[in-house]
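Accompanying notes for the structure given below.
We did not get these values from a lab; they are worked out from the coordinates using the rules stated. Small disclaimer: the values here were computed from a predicted structure and weren't measured. Here Cβ is always computed from backbone atoms with ideal geometry, including for glycine, and neighbour counts include all displayed protein chains.
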Amino acid sequence: MFITALPTIAQMIGANRVLRGHAITSPTGDPSLAAGDEADLRRRIVERALEMLSTDVGPSTAWEVSR
Amino acid sequence: MIVVHYLNQFFAGLGGEEAAGQAPARISGAVGPGRGLEAAGLPIDVTLTCGDDFFGEHEPEALARLLSWLGEIEPDVLVCGPSFGSGRYGYACGSFAREAGRRGIPVVGAMTPDNPGVLAAEGAAYIVPTGPSVASMKTALPAIARLAHRLGSGEPVGSPAEDGYLPRGLRKNVRLSEVGADRAIAALLAKLSGNVRTEVESAFDRVTAPPAIGDLGSCTLALVTEAGCVPQGNPDHLPTRHSNIWLRYPLSGVGSLSPARYESVHAGFDTRTANLDPNRLVPLDAVRTLEREGRIGRLHAFFYTTAGVDTPMAVAAKFGQEIASELIPAGVQAVILTGT
């Protein structure tokens, strides 16, 4: 699956499992958070990615990390 | 004729990648390439600008702002770009074009034919095809000015081939004097002598989503990235743009991507944040934690990297096929691909 801050482009090109990353300059992090909070965020992003990998999806499906 | 010109932060002179987060702004008259349009006979009344990252990450807000200005100005034509091979800028141009088109404003853009902005425009814009870099500026500007002038003054525009723009995905039935069989033979004979032409453009190939992984806990996962993450010093010289290669690096014994040992050389975004912690591009530390907890079976022993900047679609597809042909025999069942 694909983690990107620009899920619309990924969907247009035909990527099927797309997860919105935090930002273009740091898709799997957030420099405005304290180290511990950022580690938690990265873990949540990867957990959501794993959830998407273990879920059947239709074409061009994009999820948010949420929480 | 009232003409509005849309530019990103770089062409509006606000800065490079570090200014990519700029909110939309409105400037009187022509800026940067807009002056070239004026020299080519298209006076610019207002320039609108937005940072590429701001547009990509706050699209509804950016569009609302830009469209409300368009509503006040009521231009006869909108020119977006030229955005050449830039994906984020092209996407912003195409999306703005689409929305302006829905409000009855003719739009001219200019970018490479496989820029995501072409799809985003959904046929609303007359897009002049360009090369991938600013080197195309000199030829693009007169072509844009010509088309924009036509559209802005309500003159009819001919077919894509006649007037030098990309097909907009609109189908017009025409009657030809020769039947299909004769045209097919003529096209084949032309192809055999090196002149390839087509009556129908090909669409993107679509891949069916693979079924869900049943048991993540026994699955082998691989990390792949187009964010240009490489060992410090880029020892194998990954090109920072127009890359013709991807690279593979070992992850055995590596628990996290430390800034001392890894960096990003991607020329398409501001890498300072990522270079303070490369796990912000390739989330190795989090994957290792989840691997230790048994949430996945194992992480594949290598990660794969390239820098996706002005990468033609055909080249990117080739990279994907080549990487997949290593991952599959190695027993990898799932991939997390990260990108900007």
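Would any residue of segment B:126-148 have its amide N under 20 Å from a label point 7 Å out along Cα→Cβ of residue B:190? List them or say none.
B:129
If amide H atoms are built 1.01 Å from N in the plane of the peptide, which residues on other chains or at least 5 residues away come under 5 Å of the amide H of residue B:213?
Answer set, sorted by chain and number: A:54, A:55.
Calculate I(q)/I(0) for the protein assembly as shown by the Debye formula, one identical point scatterer on each C-alpha and no solvent, and give its log10 at q = 0.06, 0.07, 0.11 Å⁻¹ to two decimals.
-0.27, -0.37, -0.86
If you average the alpha carbon positions of segment B:216-235 and of segment A:9-29, how far apart do those two centres end up, in angstrom?
Cα centroid of segment B:216-235 versus Cα centroid of segment A:9-29: 16 Å apart.
In nm, to one decimal, how far is the modelled label at residue B:258 from the one at residue B:199, with both set 7 Å along Cα→Cβ?
The answer from the label model is 6.5 nm.
Cut-off under 14 Å on the C-alpha distance; same-chain residues fewer than 8 positions from residue B:318 excluded. Which aspartates and glutamates are left, in chain and number order?
Cα-Cα hits under 14 Å: B:205, B:226, B:326.
So what's segment B:72-180 giving for Rg/Rh, alpha carbon basis, Kirkwood Rh from the mean inverse pair distance?
We get a ratio of 0.99 for segment B:72-180.
By per-residue mean of other Cβ atoms within 10 Å, what is the highest-first order of B:142-152, B:176-186?
On the way: B:142-152: 21.5, B:176-186: 9.9.
By packing density, highest mean first, the sequence is B:142-152, B:176-186.
Roughly speaking, what is the centre-to-centre gap between segment B:284-340 and segment B:32-80 when only Cα atoms are used, to the nearest Å?
Measuring centre to centre over Cα atoms gives 38 Å.
Can you run phi through the Karplus equation (6.51, -1.76, 1.60; θ = phi - 60°) for segment B:44-56 and list ³J(HN,Hα) in whole Hz, with x for Gly and Pro?
9, 8, 9, 10, 10, 9, 7, x, 4, 5, 4, 4, x
Label points 7 Å out from Cα along the Cβ direction at residue A:32 and residue A:51: separation in nm?
About 2.3 nm separates the two model spin labels.
Rounded to whole Hz and in sequence order, give me ³J(HN,Hα) for segment B:125-137 from the Karplus expression 6.51 cos²θ - 1.76 cosθ + 1.60, θ = phi - 60°, writing x for Gly and Pro.
10, 8, 9, 6, x, 10, x, x, 10, 4, 4, 7, 4
To make sure I understand the rule: partners must be lysines, Cα under 21 Å from the Cα of residue B:172, and not fewer than 8 residues away in the same chain. Which ones qualify?
none
Assuming 0.36 nm per residue, please report the length gained on full extension of the stretch residue B:102 to residue B:276 beyond their Cα-Cα distance. Before the final figure, lay out each step's value.
Values: separation 174, 0.36 × 174 = 62.64 nm, distance 4.28 nm.
Length gained between residue B:102 and residue B:276: 58.4 nm.
To one decimal place, what Kirkwood hydrodynamic radius in Å is obtained for segment A:2-63 from all pairs of distinct Cα atoms? Don't jump to the answer; show the numbers that get you there.
Numbers: mean 1/r = 0.0833 Å⁻¹.
12.0 Å is the Kirkwood radius here.
Dividing the convex hull volume of the Cα atoms of chain B by its residue count, what figure in Å³ per residue is obtained? All intermediate terms of the calculation are to be shown ahead of the outcome.
Numbers: hull volume 61.2 nm³, N = 340.
Dividing the Cα hull volume of chain B by its residues yields 180 Å³.
Quick test of your reading: applying the under-4.7 Å Cβ rule, which cysteines of chain B are isolated?
Taking the Cβ cut-off of 4.7 Å, the unpaired cysteines of chain B are B:50, B:219, B:229.
Cα-based Rg (one decimal) and Dmax (whole number) for segment B:216-338, in Å?
That works out to 14.0, 39 Å for Rg and Dmax.
Using label points projected 7 Å from each Cα along Cα→Cβ, tell me how many nm separate residue B:168 and residue B:64, to one decimal.
If labels sit at residue B:168 and residue B:64, their model points lie 2.9 nm apart.
Whole-Hz Karplus ³J(HN,Hα) for segment B:172-188, in order, using 6.51 cos²θ - 1.76 cosθ + 1.60 and θ = phi - 60°, x for Gly and Pro?
Values, residue by residue: 10, 6, 10, 9, 9, 7, 9, 6, x, 4, 5, 5, 5, 5, 4, 5, 5 Hz.
Could you work out the relative contact order of segment B:243-340, using alpha carbon pairs under 8 angstrom and six or more residues apart, expressed as a whole percent? Please report the intermediate quantities before stating the final value.
Values: 86 pairs, mean separation 36.6, N = 98.
In percent, rounded to a whole number, it is 37.
Tell me which residues come under 5 Å, amide H to amide H, from residue A:3 once H is placed; ignore anything under 5 positions away on its chain.
Placed amide hydrogens put A:19, B:337, B:338, B:339 under 5 Å from residue A:3.
List every residue whose amide H lies under 5 Å from the amide H of residue B:109, counting only residues 5 or more places away in sequence or on a different chain, with H placed 1.01 Å from N in the peptide plane.
Correct list: B:80, B:126, B:127, B:128.
May I ask what percent, to the nearest 5, of DSSP beta bridges between residues of the protein assembly as shown are antiparallel? Before the final figure, lay out each step's value.
On the way: 13 of 49 bridges.
Counting only bridges with both partners in the protein assembly as shown, antiparallel ones make up about 25 percent.
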